[in-house]
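Engineer: Dropping a structure here in structure tokens format, bear with me for questions.
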Amino acid sequence: MESYMFKRPADINSIRRQFGNAKALLTRVVGNVPNTGDPRISSGIQDVSKVVQMLDDLERTVDEYMIVKQNRLEALTRIGSMINSSLGRERVLEQVMSALIDLTHAERGFLMSRESNGELKFEIARGMSNARLGEDEFKVSMTIARRVAESGEPILTTNAQDDPRFENQFSVAAFKLRSILCVPLKVKGELIGVIYVDNKAHVGMFGEEDRELIKAFADQAAVAIDNARLFDELLAANTELENTNFKLEAANLELKIAYDATLNGWVRALDLRDKETEGHTQRVTILTERLARMLGVVGDDLLDMTRGALLHDIGKMAISDLILRKEGPLTEAEREEMKKHPVYAYEMLSPIEFLRGAIDIPYCHHEKWDGTGYPRGLKGEQIPFAARIFPVVDVWDALTSDRPYRKSMPPDEVREIIKADAGTHFDPKIVEVFLQMEDLSV
């Protein structure tokens, strides 16, 4: 699975080769120019040499940028598994705090939880050395944390000492803070705490990219912390029931939480790469489950179908950013590479036993009823049932949602398009049931 999810080093190497080819070409040009002593030729050679040096500098900058982006993406996909590897709340808080400092390279940071009475409670603080810091060390930054808790919105400043929002705060002057980032921890829209980091060791100030990164981190961390709280409560309520059945249930709960956190981490990582369709995955997953229920799907089959919808585009993790995020039309070769993402999805998911039942949608959702789809050209009922349900929902959401290059279409018009494609693109029976759905909101 690793080899397909994180093929970015190949992209970096490709760019390195392009830089190398360009520099080699310029060097050959210089070598082929006769040394006649003409000052104009000498000046031209010097200019070309400067361009080669500039290419060296640009190559290092691009290389460093891509490596940082790749490391951050991989870090986000690992966080779900890492912070759920131990379900104890204290251990989860330790891991969340360590991951936060590692991810942001912040000089200081702390985490506070929200009590049932609405008050914020200090939980844990860290510096780059990962040494625990006392609560008094961070009391001066409480105003910022309270403001984030009350508003539910992140606070980012790139120059705290000149920011009028913090002009009366002793902490800004006392600790010479330049950059502050504080983000809420939310579960299903409900605030459970805040995370805070300030300064930035060695590399300057926080920016908008850091805010988006920490928001994504906070989404997973909040779920992990809340799951740990629920698990601790479950253990406390059943301390006298130390029997085999209880241990099995606890192990299954731990496994399910780890699996679900990992799946959501994958999806969030893909959303971060492909901003154009952000939010699409959550919408189609909800509607696919709703349509599947109307078609009589229940139990494990419904769970597999829901997971399949969630992971329908996971194969795009193996597609180069140069193709996935390209502005403008793709070349024929790029289109062919993009059409391989269902195969990549199969290769990524098939070794994972608990996801084998969910493979049908990621692998077959581009097949068409008349056999003109891909990757295998399946026709009619050769296409798995789940992969006949999902495309109807997928097209509905794609056409009724705004995209950077076009506005959404009216729902009635989209219904007519889907109806017209019954028997060619879609299974006619599934289209018939879909058109009976009254609630298509998400």
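The values are calculated or read from the model by the stated rules, or taken from the named source; none is laboratory data. For clarity, every value in this text was computed on a predicted model and none was experimentally measured. All Cβ positions, even for glycine, are placed from backbone atoms using ideal geometry, and neighbour counts span all protein chains on display.
Engineer: If we scan the range 370-384, do we find a residue that is at pLDDT 95 or above, among the acidic types (Asp, Glu) and not in a loop (DSSP other than H, G, I, E, B)?
Structural biologist: Yes, some residue in the range 370-384 is at pLDDT 95 or above, among the acidic types (Asp, Glu) and not in a loop (DSSP other than H, G, I, E, B).
Engineer: Consider only pairs whose beta carbons are under 8 Å apart and that are at least six residues apart or on different chains; among these, list those whose first residue lies in the range 222-245 and is within 16 Å of Ile195 (Cβ to Cβ) and modelled with pLDDT of 80 or more and whose second residue is among the small types (Gly, Ala, Ser) and part of a loop (DSSP other than H, G, I, E, B).
Structural biologist: Between residues of the range 222-245 that are within 16 Å of Ile195 (Cβ to Cβ) and modelled with pLDDT of 80 or more and residues that are among the small types (Gly, Ala, Ser) and part of a loop (DSSP other than H, G, I, E, B), the close pairs are Ala228/Gly88.
Engineer: Now for a separate question. Name every residue in the range 388-414 that is surrounded by 14 or more Cβ atoms within 10 Å (Cβ to Cβ) and charged (D, E, K, R), in order of residue number.
Structural biologist: Arg388, Asp394, Asp397
Engineer: When you look at Lys316, is it at pLDDT 90 or above and under 23 Å from Thr372 (Cβ atoms), yes or no?
Structural biologist: Working: at pLDDT 90 or above: no; under 23 Å from Thr372 (Cβ atoms): yes.
Judged against the criteria, Lys316 is not a match.
Engineer: Follow-up. Out of contact with any Leu (no Cβ under 6 Å at 6 or more places or on another chain) and under 24 Å from Gly371 (Cβ atoms): is that true of Val393 in this structure?
Structural biologist: The answer is no for Val393.
Engineer: Looking only at the range 417-442, which residues are in contact (Cβ under 8 Å) with a residue 40 or more places away in the chain and assigned to a helix (DSSP H, G or I)?
Structural biologist: Pro428, Ile430, Val433, Phe434
Engineer: If you don't mind, another one. Looking at Asp421, Asp427, Asp402 in this structure, which one is of a type in the set (D, E, K, R) and closer than 24 Å to Asp304 by Cα? It would help to see each step written out before you state the result.
Structural biologist: Details: Asp421 fails: closer than 24 Å to Asp304 by Cα; Asp402 fails: closer than 24 Å to Asp304 by Cα.
When all the criteria are applied, what remains is Asp427.
Engineer: Further question on the same structure: Name the residues in the range 397-416 that are of a type in the set (A, V, I, L, M, F, W, C) and free of Cβ contacts under 8 Å to residues at least 12 places away in the same chain, would you?
Structural biologist: Met409
Engineer: Please go through the range 331-372 and give me each residue that is among the acidic types (Asp, Glu) and touching a Lys or Arg at 6+ places or on another chain (Cβ under 8 Å), ordered by number.
Structural biologist: Residues of the range 331-372 that are among the acidic types (Asp, Glu), as a first pass: 332, 334, 336-337, 347, 353, 360, 367, 370.
Residues satisfying the conditions are Glu334, Glu367, Asp370.
Engineer: Only one of these conditions is not met by Asp394: (1) touching a residue at least 24 places away in the same chain (Cβ under 8 Å); (2) within 30 Å of Leu435 (Cα to Cα); (3) in contact with a Lys or Arg (Cβ under 7 Å, 6 or more places away or on another chain). Which number is it?
Structural biologist: Checking Asp394 against (1) touching a residue at least 24 places away in the same chain (Cβ under 8 Å); (2) within 30 Å of Leu435 (Cα to Cα); (3) in contact with a Lys or Arg (Cβ under 7 Å, 6 or more places away or on another chain), the one that fails is (3).
Engineer: Related question: Could you tell me how many of the residues in the range 100-115 are crowded, with 19+ Cβ neighbours inside 10 Å and closer than 17 Å to Arg147 by Cα?
Structural biologist: 5
Engineer: Which residue, of Leu272, Leu287, is part of a helix (DSSP H, G or I), surrounded by 14 or more Cβ atoms within 10 Å (Cβ to Cβ), among the hydrophobic types (A, V, I, L, M, F, W, C) and at pLDDT below 90? Explain how you work it out, then say what you get.
Structural biologist: Details: Leu287 fails: at pLDDT below 90.
Unique residue meeting the criteria: Leu272.
Engineer: Can you name the residue in the range 307-343 that is over 18 Å from the mean Cα position of the chain (by Cα) and touching a residue at least 24 places away in the same chain (Cβ under 8 Å) and, of all such residues, is surrounded by the fewest Cβ atoms within 10 Å (Cβ to Cβ)?
Structural biologist: Lys339
Engineer: Turning to a different aspect of this structure: Would a scan of the range 184-191 turn up a residue that is β-branched (Val, Ile, Thr), outside any helix (DSSP H, G or I), surrounded by 19 or more Cβ atoms within 10 Å (Cβ to Cβ) and modelled with pLDDT of 80 or more?
Structural biologist: Checking the range 184-191: not a single residue is β-branched (Val, Ile, Thr), outside any helix (DSSP H, G or I), surrounded by 19 or more Cβ atoms within 10 Å (Cβ to Cβ) and modelled with pLDDT of 80 or more.
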